[in-house]
1. Taking every DSSP beta bridge that has both residues in the range 151-241, what percent is antiparallel when rounded to the nearest 5?
2. Say a paramagnetic label sat at a point 7 Å from the Cα of Glu210, along Cα to Cβ; which residues of the range 130-172 have their backbone N under 17 Å from it?
3. Give, as a single signed number, the net charge of other residues whose beta carbon lies under 13 Å from the beta carbon of Gly250, with Lys and Arg counted +1 and Asp and Glu -1.
4. For the range 192-243, report the translational diffusion coefficient in µm²/s to the nearest whole number, using Stokes-Einstein at 25 °C, 0.890 mPa s, and a Kirkwood Rh over Cα pairs.
5. Under the Cβ-under-4.7 Å rule, which cysteines of the chain stay unpaired?
6. Based on the Kirkwood radius over alpha-carbon pairs, what value in µm²/s does the Stokes-Einstein equation return for the translational diffusion coefficient of the chain at 10 °C and 1.306 mPa s?
7. Can you tell which of Gly250, Gly206, Gly42 shows the greatest fluctuation in a Gaussian network model of the chain with Cα springs below 10 Å?
8. What percent antiparallel are the DSSP beta bridges of the chain, to the nearest 5?
Amino acid sequence: MSHSADSTAPFDVVVVGGGPAGLTAATYLGRFLRSCLVLDAGDSRAKWIPESNNCPGFPHGVAGVELLRRMKAQAMEFGARFESAEVGKIERDDDGFTLSDGARSWRARCVILATGLADKLPEAPWVEDAVACGALRLCSICDAYEASDACIGVYGPAADIGAHGLFLRAYSKRVCLLPNDGDGADAMRDAIAAGVRVLPAGGTLGFDGERCRYTCQDGETIVFDSIYPFLGSTTSAGIAAAAGAALSDGGEIIVDGKQMTAVPGLFAIGDVVSGLNQISVAVGQAAIAATRVHAMLPFVPREAMQAS
Ligand SMILES: Cc1cc2nc3c(=O)[nH]c(=O)nc-3n(C[C@H](O)[C@H](O)[C@H](O)COP(=O)(O)OP(=O)(O)OC[C@H]3O[C@@H](n4cnc5c(N)ncnc54)[C@H](O)[C@@H]3O)c2cc1C
C-alpha cells in the first residue's frame, strides 16, 4: 500500500458509495496496491433486486443482497476499508480532497463518487413488499423478460410512460398505461398504435399481497401481474456539483472517457452518471475509473517482499 501507517495520512482513494460500482472500484484499487476507504450510506439500489437474471456469471439469477455481499467480501479481500457515512461535502485543495459528513472528515488524493440514485416510489406502506414479490417492478430493461405475457401496467406522468409501454409491448399483448396526470397524450400515441391500452388518469394503486391493482375514479379496478412505476429519481450529484463538477440538464454528473469529472482527481461512476442504470455498466465504469486513478497517483516501486 502506498499510504503510511500514520492515521492522518490521506487515503490514495476514497470511494463514496458501496453499491456495485463503488465495490468494484474498491476491488480494483486494492489489487493495484492502493489504499482505499469506502464511505457508504448503505442503501444500494441493488438491495431492492429480488433476483437479477442479466447479471453476468449468474445463469440462474442472483438476489441483489447476495450480489452485494459477495462484492463487498471481494473488496475486503484486497484491503478495502469501510465506514458507514453519508458524505455531505467534498472539497478540493492543492494536496487532494477533504470529505466530510458534518461530524467527521477524511483526506484522499483522489475521490470516486459512486452514490447511485434513489427511485421515487408510490407513497404507500406496501411498496417494499410489492417490489420483493415482483408485483411492482422498477426497471424494465432488467426484468421485462420475467414479465413476458403478463398483464402489465405502466404508471407515471403521461409524457413519460408511453415509451416505456411501447418497450414492454414487445414482451406482452396485455400492457396498459396508467397516467397519474392528464398531460402528454401525444407521447402515448406510438404505444396506443401498437395496441397498448390507456386507462383514465388519476386512478389509485393498491396491493393485495400478491398483485397490484389500479382503481379508476369511476370504480373500475384492473388487477395487474406487474406494475412499473416511472416517477423519476433523486441523486447525490449535488455534492459533486458543489465541488466544481458539471451536471447535465438531467442532473447526471458529466464525465470524460475515463469517468473523470471537470474536477481533476474527482471521478464518478454508476447510476449517478449513466443513462443506462445497470450493474454491468456500473461495474465497467468502475474498472475504467479505478485504472485511470491508479495511473494518476504517484508511482510506487516495490522495494522488497512485503508482509501480507
Ligand atoms: C428493483 C430493482 C431491480 C433491478 N434489477 C436489476 C437487474 O436485474 N440488473 C441490473 O443490471 N440492474 C438492476 N437494477 C439496477 C441496479 O440496482 C443499479 O444499476 C445498480 O445498483 C447501480 O449501482 P451503483 O453502485 O451505481 O449505485 P447503488 O447500487 O445505488 O449504490 C449507491 C450507494 O451509495 C450510497 N450513497 C448515496 N449517497 C451517499 C452519500 N452522500 N454518502 C455515502 N454514501 C452514499 C447509497 O446508500 C448506496 O449504498 C435494479 C434496480 C432495482 C431498484
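Read the figures in this text as sums done on the coordinates, not as results from a lab. Bear in mind the structure is a predicted one, so any value in this text is a computation, not a measurement. Here Cβ is always computed from backbone atoms with ideal geometry, including for glycine, and neighbour counts include all displayed protein chains.
1. Working: 8 of 19 bridges.
Among the beta bridges of the range 151-241, antiparallel pairing accounts for roughly 40 percent.
2. From the range 130-172, the list is 130-136, 150-152.
3. Overall, the nearby charge balance is -4.
4. 175
5. If one checks each Cβ against the other cysteines of the chain, Cys36, Cys55, Cys110, Cys133, Cys151, Cys176, Cys212, Cys216 turn up with nothing under 4.7 Å.
6. The Stokes-Einstein estimate is 76 µm²/s.
7. Fluctuation is largest for Gly250.
8. Details: 23 of 51 bridges.
Roughly 45 percent of the beta bridges in the chain run antiparallel, per DSSP.
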